[in-house]
Structures are given as structure tokens and as C-alpha cells.
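One structure is given below, encoded as C-alpha cells.
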Amino acid sequence: MSRLKSALVTGATTPLGRSLCARLLASGCEVLAVGLEAESAARFLIPEAAAYAAADLAKPRELHDLVFGPAKARSIDTVFHLATHRSLGVEGERVHALNVEALRQLIAHCEAHPTIARLVYRSYAEVYRVDQRLPNVIDEEHPLDHGAGRPQWLRDRVEADGVACARMGMTKLEIAVLRCADVFASGTGSQIYDYVRSRVCFKPLGFDPMINLLSLEDAAEALFLAGAAERGQGVFNVPGADTMPLGLCIRSAKRIAVPLPGPLLLPLYALRRRIIRTEFSYGLYKGRMHFPGILDGRRAREVLGFQPAGVS
Amino acid sequence: MLGAALPSIAFDDAGHGYDRFGLSPSALRVAFAAAWPLYRYYFRVASVGAEHVPKAGAAIVVANHSGMLPFDGMMLCMDVAQQRQRALRPLADHAVGALPFIGVAMQRIGAVSGTSTNARALLEAGEILLVFPEGVPGISKPARRKYRLTHWRPGHAELALRHKAPIIPAAVVGAEEQFPIVHNSKRLGRLVGAPHVPLPFLPVPFVPVPLPVKYRIYYGEPIVPEGDANDPSAVEHAAWQTQNAVQALIARGLRERRGSFW
């Protein structure tokens, strides 16, 4: 657990980035936090003890200068890449540049960097396909969702995951991909968090699938362990401690569950997204609204020693 | 009554009273209490050799499948709960999970979609699986083929070899007569998107309940298959061993019974 001395965290001003920075600092690690905001604004968001660099990772030059400028000067040994577009409603080349191309270039820069030995990429459980023919327990070999007509939000995540996996073992840079369960917190892009924000939650009639939720603290802990572990290369599922039926999740959030026939939910939630600009997409989440898709965290437990503690 | 035995049934609680697959002991209790009259008074289940079912640890109960509707699975689950205080985890066809209401009900009482990853996760958690290697063709075989095992799929043998889990062969005698099937209609099957639709001895509206046959369940001695799970011949041999054991138990049950209804 002593290999992690100096870390660079992209997406540091997001809720997960802030939790990770706090966890790294608590372990005695030096942190270079990276965000899009100017330093004066970011100072309110990141822990005081962390150094800060503003950079737009969608711009190749800024990314290059970050890695071979401040990151080189601080002898960074581990990079945590959390920066992705969270909003489902925003699409286009710029979004792709941040979601995918920035990771591709970051890996190339890290491979050429003199001190960076490991890159930890935060991926998403949504990259897995969930349907009736597939296992309910999702291990790391589970098929990914390459379905036609999927939104860019998902296509980019699947592609970025593949970009990181494709470079594993090719150079001395160790790459860990953490496919995290839905982080049940505001500002994380969580589909289920947005879903239960409504007073009334419509769910498919006759279905009550099991869902799994991950807390911010657990997600940060898993990322930290992936950076600190002696052997950390590979793909790891990161499930949360809370597994429950969707109906119970809705009741626990003190919301009203209204079961409706499945075909009505797609237009209903499309309308909701349009009118009140929410993030939940029934089209994206349809499989998980019908069938259980619970991450199997055995590998993360055995290799990283990760055991979720629960929602705080 | 069976409900009294259930509080002691161990399950892998994922934190909110459910396991990862959706099993809920409270739902199981309700389901078993509701089905108790069927078990005790309607089918009058009598079982032999339940001591072969281990009280703890991973295992696979492998049985013949028959009777159009899976009452045999339900009675096996209730019998193991009653005799050994364990919740059997039936591996069901993936189509079951896609059925509204029924899929959820099956999950709550412990059924799991029959994929190798699901089975692996359950065996690693020390659970006991219920596998019907004959699958859907088993429950829909016509009356003239009763008590003759149909195509015996070897997946259970591979699982047992891979996870070093003992196989407990089991035979359900009586279920074959509960819904005598006269014909399997491929034409109707095409209409509903299934390989075939079994036609019972009377039109479906006139057979809302199965015939009151007597169920006899026989458990055989555990089989601990040996060999490499990746060796097809070792898998086939273990499956053949199990099939023979189940067929022998069926023959014993048929010898020992006086008729289908008593």
C-alpha cells in the first residue's frame, strides 16, 4: 500500500473527484487535482491541501502540457482519470473528445512519462448489456452493450473502456479499469439517482429487478485501492453494498412507485427529459428496469481488497 | 407446518432482506405457506433418502422433469426445506424471467436464470442448486413417453466438476400423470413463439388444476464426479452417471407405488 506517493486526479471538481482527493490526502499522498474551472472557482470545490491545475482535457495541447508540465514537476506516479461528460443530453465531437480521445492521449502520454507507473480509469456498470438471456450476476467477462441506436453517452463509455483495455500489458504502464455501479449521489450522472428525484416514479408493470447502488465513499475507496495496490492491472467490477429491488429503492427514497405497461414508459420519460431537463433515460436503462444486473465484485475483493461499506 | 422451519433457512443477504438474485425469505415463507395444502394434502408428498441432501455447502440436486407445469420443482423445493431446512435454488429457463409478475415471483422464491455465471455465483456462495437437465422438453413430453428421460443436457455435470460440488440425483414419481399430454403442437408453438405447445388431455380451461396424483420423491446417494471440467468425456461420463442414477430411482419409485393416485 506504499507505492502511491503522488497522484493526479482528473475530474477532481466532481463529487467523486473531491471524495477521491480527500481519500488520497488522508493516506498521505500528494494530490494534483485537475478540473475545467479556473483555480479561484475550483478552490471552493477541492480540498485545501491539494494542488490544482486547470486544463481542458478535450484540447490535446492542454492535456500534453499538463502531463509533461505540472505532472512531471511533481513526479506523479499514478493518474486517476475520472473526467467524462455526465450529461446524457449533450452530444457531439467535443463530448467525444473528452470522453474518449482524452483518455487515448492520456494513456499515450503516461506511457512516455518518466514517473507515471499506473493509470486508473473510472468506467461504468452501464457498459454491460443487460437482457433476459444474460446472467443476472455480471462478472468482468460479461458482454458489453454495443447495441445499435444507443446514445453517445453510452457509446463513448463503451469505447473508452475498450481503449483502456486494449493498452493493458502493452507497455510498463499499468492500467486499471474500474467498472463502478451506479454512484447514488447528486452530480455524478447517476441514472437511478435522477430517476428517484421525481415524486412519482413510473416502473414497468410486473417487473421489480434487483439494483445495486454504490456510495461516493465506496467508489473513492475502490479507486484509491486500485491506485495503491501492489498488483493493480486489469478490469474490476466495483459493486456497492446496497442491493435491493427497484420498488424498495423507490420506497426508501420516499417516492411513489406507479407501475405502468412498459411501452408507455419510453415516451413518458422522453417527455419528462424534454420538459424538466432531467438526465434519466428509460431507453438507456430499459434492460435494468426489467432484469437484474448486479456486478460481481469478487475480483476487486480478491485483488484490490475492496469491500463496500454502504451508503452513508 | 413448513413455515415454522423457514426462519432457520440461511441465505446470502445482500443488505435489505434480499439476496443478489432477489430471493426473499419472507416471500418464500408466504409462498410455502400457500402451497402447503398442495404439498401435504393434495399431492401427499412422500420422500425417501432426504438425508443424502447435505445440510450445508454447495451441491446440485438433479431430477427428472415432467407434468406440463413445474409442480415437481415446487414440491422438491418444499420437501428439501421441510426435511433439510435449505432453500433450493432452481435454475429456470431465461424466458421465465421475462414473464411479468411470474418472473418476479420466481425470483423471490429463489429461482435463477440458468446461466453458468449465475450457477457459479450461487455455488461459490455455498448454495444448493436444483437442475432439471431435461429442461422444457421434459415437462412437455407426451404421456406415451412418461418416465423415460428425454435429452439429458450435461451442464450440471460440468458445474459439479468445476466447483467440486456433489450431485444428488433425485426422482419425482407421480408428476408425469398430473397433466397427461396427448400431443405437442408445433403449429401453436410457432404462433406463440415457442418450439411447441403441449396439449393436455382436456382443453386447458377444463384442467385448471392438476390431477390429485401422489408424489413420491426419491433422493439418491451423492455422486462426486471426478475429472477435468474442460474434458468433454469426463463431463459426459458424469452426466451419464447422474442420468443412470435418476433413471434407477424412477424405476424404484414405479416398483414401489400401487398406482398414480395412492
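For this structure, a couple of remarks:
- Number of the condition not met by A:D296 [criteria: (1) surrounded by fewer than 16 Cβ atoms within 10 Å (Cβ to Cβ); (2) within 14 Å of chain B (Cβ to nearest Cβ); (3) farther than 22 Å from A:G147 by Cα]: (1)
- Filtered residue count, the stretch B:242-262, keeping only those that are open to solvent by less than 30 Å² (accessible area, probe 1.4 Å) and either at pLDDT below 85 or part of a loop (DSSP other than H, G, I, E, B) (or both): 2
- Positions within the stretch B:12-34 being within 14 Å of chain A (Cβ to nearest Cβ), open to solvent by 40 Å² or more (accessible area, probe 1.4 Å) and not in a loop (DSSP other than H, G, I, E, B), in sequence order: B:S26
- Cross-chain or 6+ apart pairs with Cβ under 8 Å, the stretch A:275-291 first and within 14 Å of chain B (Cβ to nearest Cβ) and surrounded by 18 or more Cβ atoms within 10 Å (Cβ to Cβ), then assigned to a loop (DSSP other than H, G, I, E, B) and among the polar types (S, T, N, Q): A:H290/A:Q132; A:F291/A:Q132; A:F291/A:N136
- Residue within the stretch A:191-210 that is more than 12 Å from the chain's Cα centre (by Cα), in contact (Cβ under 8 Å) with a residue 40 or more places away in the chain, surrounded by fewer than 21 Cβ atoms within 10 Å (Cβ to Cβ) and under 13 Å from A:P15 (Cβ atoms) present: no
- Subset of the stretch A:299-311 (residues that are more than 14 Å from chain B (Cβ to nearest Cβ), surrounded by fewer than 20 Cβ atoms within 10 Å (Cβ to Cβ) and either without any contact (Cβ under 8 Å) to a residue 24 or more places away in the chain or small (G, A, S) (or both)): A:G305
- For the stretch A:104-139, the candidate set comprises residues that are away from every other protein chain (no Cβ under 14 Å) and without any contact (Cβ under 8 Å) to a residue 40 or more places away in the chain; within that set, the residue that is least open to solvent (accessible area, probe 1.4 Å) is A:A108.
- Looking only at the stretch B:105-138, and only at residues there that are within 8 Å of chain A (Cβ to nearest Cβ) and out of contact with any helix residue (DSSP H, G or I) (no Cβ under 9 Å at 6 or more places or on another chain), the one that is surrounded by the most Cβ atoms within 10 Å (Cβ to Cβ): B:N118
- Scan of the stretch A:233-245 for residues that are in a loop (DSSP other than H, G, I, E, B) and within 26 Å of B:P25 (Cα to Cα), ordered by number: A:P239, A:G240, A:A241
- Restricting attention to the stretch A:185-232, the residues being away from chain B (no Cβ under 14 Å) and in a helix (DSSP H, G or I) number 17.
- Of the residues in the stretch A:83-106, at least one is more than 24 Å from A:K286 (Cα to Cα), assigned to a loop (DSSP other than H, G, I, E, B) and of a type in the set (A, V, I, L, M, F, W, C).
- Looking only at the stretch A:219-231, residues that are open to solvent by 10 Å² or more (accessible area, probe 1.4 Å) and at pLDDT 95 or above come to 3 in all.
Conditions (1) of a type in the set (V, I, T); (2) more than 14 Å from chain A (Cβ to nearest Cβ); (3) farther than 21 Å from B:P198 by Cβ, marked per residue:
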| position | (1), (2), (3) |
| --- | --- |
| B:F71 | no, yes, no |
| B:M75 | no, yes, no |
| B:Q82 | no, yes, yes |
| B:L88 | no, yes, yes |
| B:A98 | no, no, no |
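- Some residue of the stretch B:143-151 being modelled with pLDDT under 90, facing another protein chain (nearest Cβ under 9 Å) and either farther than 23 Å from B:A31 by Cβ or not in a loop (DSSP other than H, G, I, E, B) (or both): no
- Single unsatisfied condition, A:L144 versus (1) within 14 Å of another protein chain (Cβ to nearest Cβ); (2) touching a Gly at 6+ places or on another chain (Cβ under 8 Å): (1)
- The selection criterion, being β-branched (V, I, T), open to solvent by less than 60 Å² (accessible area, probe 1.4 Å) and at pLDDT 75 or above, holds for B:V213.
- Note on the stretch A:71-87: residues that are out of contact with any Leu (no Cβ under 7 Å at 6 or more places or on another chain) and of a type in the set (A, V, I, L, M) total 1.
- Any hit, the stretch B:57-72, residues being over 30 Å from A:G262 (Cα atoms), part of a helix (DSSP H, G or I) and under 16 Å from the mean Cα position of the chain (by Cα): yes
- Those residues of the stretch A:1-26 which are over 22 Å from the mean Cα position of the chain (by Cα) and either open to solvent by less than 10 Å² (accessible area, probe 1.4 Å) or of a type outside the set (A, V, I, L, M) (or both), in sequence order: A:S2, A:R3, A:K5
- Residues in the stretch B:224-237 that are under 11 Å from B:P166 (Cα atoms) and surrounded by 19 or more Cβ atoms within 10 Å (Cβ to Cβ): 1 in all.
- Summed over the stretch A:165-190, the residues that are open to solvent by 50 Å² or more (accessible area, probe 1.4 Å) and modelled with pLDDT of 95 or more give a count of 3.
- Just one of the listed residues (B:V62, B:V48) is touching a residue at least 24 places away in the same chain (Cβ under 8 Å) and either of a type outside the set (A, V, I, L, M, F, W, C) or surrounded by 22 or more Cβ atoms within 10 Å (Cβ to Cβ) (or both), namely B:V62.
The values are calculated or read from the model by the stated rules, or taken from the named source; none is laboratory data. All figures in this text were calculated on a predicted structure; none of them were measured in a lab. Because the Cβ atoms are built from the backbone with ideal geometry, glycine has one as well, and the counts that use them run over all protein chains shown. These area figures cover heavy atoms from the full protein model, side chains too; ligands, DNA and RNA do not enter into them. Shrake-Rupley method; radii C 1.70, N 1.55, O 1.52, S 1.80 Å.
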